[in-house]
Structure formats: structure tokens, C-alpha cells
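The structure appears below as C-alpha cells.
Bear in mind that the values in this text are calculations on the coordinates, not laboratory data. Here the structure is a predicted model, which means the values were calculated and not measured. As a convention, Cβ positions derive from the backbone with ideal geometry for all residues, glycine included, and neighbour counts pool all protein chains shown.
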């Protein structure tokens, strides 16, 4: 495959960024998108140029490290797929591809395609947990949890924290990420004692970094785990219930 | 040096309880006076950091990723074992202990394995309390499945994402302690060396991966939870960032490295499809519960799978191992795949693949049942290969996955350097020569939640009131200097080759000569090749950019430099062990049926290697293994 890539290059947070154009003559349809960048980086390094910095780790779509805007869409054209699991067979020979970092005020660019997603950690630190120390847990089967409830909690818990929801949102809102964690814990009996306090603290923390949700629903469309916006409604309900 | 494993006396089932009582305690008010460094935030590191903080210690936890939630434990799919016996099918702590010792082919320490089985039940309680959404039955009780050939159903799971869910449990516990000010989380920071002063681990030297700053951190104890070294093979199922630098640097400072040749090659991975490939993807071995493995009987059969009639297929695992069939342990399944492919019967790219076929299961159980069980795995397979496994059989091939070898630790999980603890995959302790499926998550969490928090207290209590080392101590400065010089050396190389191209070449040598089967000639050849390539590395590599910025080439260059040394030790260990056991299969030592042939008389020991200086020969130390409870037998899965 022959491809033309316009890739965002930015030396560091303070530097001015710009698109740089690269032609690739030898891409294979069986490559992953990140392997395409690997091959390009090998070529750049051999030419004595600096390779493109991009974040990646497990390359199995589960760690949430990777993620870039591909032709304006977070994680690219394939539904329910993180960048590392996107393969070049989804593109056409001769295609022009624009590659950018997540664009959000809350996620400043560190270098090229790498951004800082630390606010996600802050939201979890604000209350995204169940306060139980190691050693203090009761027997695991003491509290039965109906299968549909456990499955629903699992649907929410699948979030990989990649940040695509924020990157795609015109408002730069982090509702889907926050709602997934809030709902995962609020659905389970173990999460009840801290339910109200948790949602209030997490939402307040979220709002100190991110924009507001106005129901564009673009987050759900690009989420590699298909997290439903239903969880946002659930979070809002819990938040409201705690405020009255 | 005499290796003292410090195994408590008495019957195996009472050792841990008595030891817990005999260990010294740190007064609750004094715990906050102690600083503990934890390197790594996966299941072992994250659970240890959170639990130590809950107890009251001050913890600094480091990870190379941007967030503690991303460590590679997250990628584990299948499940976690625990001897709960919820299925009433005859499981017990003793049976899990027995299975693990046997599965490890009698090369692990009985006392450690028994403790692991004992605390396994507490792990499940803990995870459920944290909100881990394990799979459940309609009655609301926890569901279990049989995994990796176990005769009982003791594996707990959360869809195909068990590692992720357990990982989020530890991450949440860790986040809670960060918020409480008990853990200082230091992400995007890589440990590049260990500070040893007066024979004791007193801190680490790190590089800030964004600013490039090199600095020291001092503490009263250091815990390494930095995972395994499968990436020495270049292509493995590990995350691309997983590396052995922390344990290798500790090894160079005096920590013995145990059983480096015990590396697990997982049987069910998606085969390699091109030279540009960056990693191999694992498909959970739970697939073997319903999939049947086969190759065409005829060599070089080019027909597509569905056109090959039943009579022209060789279901080689079912044929060779009628009792266990497709569920034989990992090492046996991997080796059997290599044998049929070496025989020219492999399928797909380069003839390096075998079929994993679900057509029988789909016919028997119906497609919805298969979707329910494996839906997300099937989707993942299709995303990567472009083939639909509901219609055509999957193609799989073994890939490096887990390393049982690691830094030597005693029963307290302390290495041969005082005050340096090693937990999770980074140590060698519990799996012997082969790890059973769903046991890695169990060990990581056992070490972090329930073992280390006790044993480290005993060490700290003995050093109560002693003077602390500051981060600007001359001993720290010296190590910082060495780290900076090494980075400068990498940056000033004037070669033309990329780090990856050299790493790939190293990986190829290891895979061919020290992979699924090994022989003396090949290993000797490999040692020579690795030494030659290592020489070449420092002359021919190019590392663009500077040290004062995010520089991913520089990060990789340092890690690969360490792999060269580790790879050589791995081959030396494989060469010295003149027997076959578990994953270590020496072609010279096999039964007439082609099974691993152990030599208990001469090799029933842990091989712990002492660093012999740069370019020097490593020195072998032996810890004899005794089996008082599970008498060694030849594993038979026929």
C-alpha cells in the first residue's frame, strides 16, 4: 500500500507544533496502525531524523496507553477498536491520513502525539474506589449479586481510560470516563456505603479540569470499549439524588 | 555465599501461620517513620504499595507508564485461581498446592507454593470487596471455570478481562492511598539503578522520562515489582515497554538471578504475519476448553482448512495425550505445536501455525453459547487477522509469554541484597519450571496483599531507630553519575542501526536456540553470537535526540543493552542444566516418547547466578530443593 501521512510534530509542550508530511511506499494491509508508525520511525531513524513520539504499551487494546486522532476521529475509522488494534486493511491504497494527538485543554501535548492524561488519575483519586483495606474483606460469596447486575457493572468497568471520549467531545467533557467508574461501583452492593459521596467528589473533581456534557454522544461513538452513555444518565441521577 | 531460603521449620501447612507470629511487628505509631520504595504498579506492585500505605508506611511508587493503571497485568485474560472449592468438586488448599508443585515440574519451593495456595482464598474475598465484577451464576454466586487443564473448576474470571479488572481493583486501592497522602505516585519515571550502601538497598536512581532528570530516591527498603523479561525475545506477548532493567541493574549490584532459563512459551497466540511485527497477541487458553487443535496429516497441504476432510486431519494432542487432550499444560502444548510445524505440517505464514477449531463446539453447543463464552476473543482475533473464527478455524502458534525465572528471593521475598524485596513475576519463587494457567495473577496479588506486608515489617522492625540515608548521600551521587555516563555513552554512539533492528536480531537468536527446545551445541553457538552482537551494539547503534527530553529511542536503547547481558545468562543457565524440566526442554534429555526427562539426582536445585563483572563469568550458587509432601514423579498427561 502507498500512503501519505500528515503527522503532528511538536518538540515539547511549549513549542509550536505543525504537520509534517511523510510518504510511505511499503505499508502492508496486515499491519496495525502502530506498526505503520514503527516502520516510519525506523526509516526516520535511519535517515538521522527524530522518530515520532507516540504512546503505546500492551498493543492488545486493553491498557489504554495508545490513542491518536486519525482523520479527525479518535482511534480511527473502525468501531470499538483502539488505535493499536486498528489494521491497515481498513484503509485504501493511496489514502491520505491525518494523525494528531488528542486535542483537549485538559490533556496538554508532551511531545508529538503524546499527551498528559493525569486528570483522569485525579478523578479516580477523588473517590473512584471502595474503602476497604487488605485483610478486612468478608467471605466473597456472602453477598449474592444477581448476574444481570454483575454484567452491567462489568459493562461499565471495561473502560480503559484512554481518553478518546474527551478527545472527540466538542466540549472536551470527561463524562463518559467518570460515569463508567461511578456506575461500575454504584451498581454493586459493595459500592453502596460511599455511593453518594463518591459521585459528588468525582464529578466535582472532573469539572475542575474538563468541559460540560451537552449530549453530543460522540464519546460513545468512538469509545473502543463501547461504553454506553446510559451510564452518564445514571451518574447524573446519582449526583442529583445526593444534592437534594 | 551460602543461600539461606529461611524456610520456617515444621509441617508445611503450619509454616506460614507460625512464621507470621514469629516475625517482629512495627508499632502502628512508628510505621509512618519508614519510607518504602515500590517500583512497578502492576498487580504485585500496586497491591503492595496500597497495602503498605494502608498499614501506615510512607510509600513512593514508580511506573514507566503515564498512569499506574496501565501495567501489563492488565492484559491477562483468562482468570485467577483460588482454592475456594465453591464448585464442591474436590478442590482444597492442598490440591492447589499439589497441582502447582507438580505443574512446576518439581523445581519450585514447597513452602512458598503452599503459602500461595493458602492465601489464594483471601485474594478473592479482597477483590470482591473492592468491587471487582467477577462472573456470576444466576443465583448470584461467583462462577468458576476449569482452566489450563486443571481437574477442578477453581478459576475466577471477569469476561476475558480478568487481569484488567483485578488491576483496576489495585489501582483504585492505590488511588485511595494517593488521595490520603500515604503514597506518592511517580509515573513516567524509570528506575535505572539501585543504590546499595553498606550491603543494604537504600534507594534507587531514576530518569524522569519527560524532562530527562536523573535523580536519587532514598528509602528504608526497596521493593521491585517490575515483571518478567519475555521481551528479551523481542517478539512476545508482553507490552512493548516491559523490560528487565530494574532487576538486571539489581543483579549487577549483587542480587542473585535464579533459573533464568525457565521461560514460558504460551501455546495459543496469534501467529506472526510479517517482519514488521512489533508484538504477538495472546488468545486466552480458555479457548482450549472448547477448541480442538489440529494440523493436516499431509505435509505442505495448501488446501484451506474447511476443505480438509476429517480423515486427513491430525488432532495431535488428542492422539498423543488421550486423558488431557487439548488441555495439556502449556509447555507440552507448545512443544507439540513446534514438533508438527518442524515436520512441515504447519499452516499459514511460513508454516508456523496450527488450527484451533471451534466447529465441533459450535455444532454441539450452538453459536450463542460460544459467543457468550468467547465473544470478545473471537472479535479480537478477527480484528487482527481479518478472519472470522466462527467460520474458519483460528490459527495459533506459541509465543514467549511469562518468565518463571527472576531474582532469587528467600521465603520472606527478600533478595540476596538486604532490604531489597522482589515480588510478582520479577522473582523466581513459586512456579518452578512451568507456571500453570491463572496462577500469575494469584501470585502477584498474594505477594502484594498478603505476604510482603508482613515480611517487610520484620525487616524494618530490626532497623528501627537507625540513621537514614539522604538522597544526596555520596553513595547515591556515585550511582547517579554512573547512570548519566551510561546515557551519554548511548547518545554519543555514531552507528547507523536502529535499536529495534538489533533487538530483533537478539530476539531471533534467543528464540531459535533458547526457545521451546534447546541443545548444547545451539546454546554454545548462541552465547558466541550474543557476545558478538553485544560488541557490535555499542558500535553500530544510533540513538537520535537528547537526554533532556522525552526520548523513546533512548529508553529502548538502555533496556536492550541490558537484554544482551540477560540473554547470555539465560543461555548459560540453559546450557548448564543438563536435564529437561517443565518449559526447559533439552533435546538430549527426553524419554523415548519425546517427553521431558528430569534428572532429580543432579538437578533438583534452584540455580542462582551471581554477576561475574562485565565480561566475566557468572558464578553458580545452588539452593537444594526438598520435596517432603509432593514426591517427584514424571508428569504424565496421557
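Adding -39500 (n - 2.57) for every DSSP H run of four residues or longer, then dividing by how many residues chain B holds, sets the calculated 222 nm ellipticity at -11500 deg cm²/dmol. What whole-number distance in Å separates the alpha-carbon centres of the range B:189-238 and the range A:107-124? Here the two parts' Cα centres lie 23 Å apart.
For chain A, the longest principal axis of the alpha carbon atoms and the long axis of helix A:195-207 meet at an angle near 30°.
If a spin label sat at a point 7 angstrom from the Cα of residue B:215 along the line to its beta carbon, the backbone N atoms of the range B:539-557 nearer than 19 Å would be those of B:547-551. Fully extending the segment from residue B:622 to residue B:180 would add 154.7 nm, taking 0.36 nm per residue of separation and subtracting the current Cα-Cα distance.
Spin-label model, residue A:192 to residue A:241: label points 7 Å out along the Cα-to-beta-carbon direction sit 1.1 nm apart. Simple spin-label estimate for residue B:636 and residue B:276 gives 5.2 nm between the two label positions (7 Å along the Cα-to-Cβ direction from each Cα).
Label positions at residue B:304 and residue A:171, each projected 7 Å from the Cα along the C-beta direction, are separated by 4.9 nm.
If neighbour count is taken as other Cβ atoms inside 10 Å, put B:491, B:25, A:176 in order from fewest to most.
Result, fewest neighbours first: B:25, B:491, A:176.
What separates the Cα centres of the range A:190-243 and the range A:16-70 is a distance of 33 Å. Between 0 and 90 degrees, the angle of helix B:474-491 with respect to the longest Cα principal axis of chain B falls at about 50 degrees. Angle of helix A:33-46 to the longest C-alpha principal axis of chain A, folded into 0 to 90 degrees and rounded to 10: 40°.
Of the residues A:235, B:442, the one with the fewest other Cβ atoms within 10 Å heads the list, and the complete ranking is A:235, B:442. Each stretch of four or more DSSP H residues adds -39500 (n - 2.57); spread over every residue of chain A, this sum gives -10000 deg cm²/dmol at 222 nm.
In this structure, residue B:25 and residue B:485 have a Cβ-Cβ separation that, at R0 = 35 Å, corresponds to a calculated FRET efficiency of about 0.25. Spatial offset of the range B:459-489 relative to the range B:362-388 amounts to 53 Å, using the alpha carbon center of each.
Legend: mean number of C-beta atoms from other chains within 10 angstrom of residue C-beta atoms, peptide A:85-93, equals 2.
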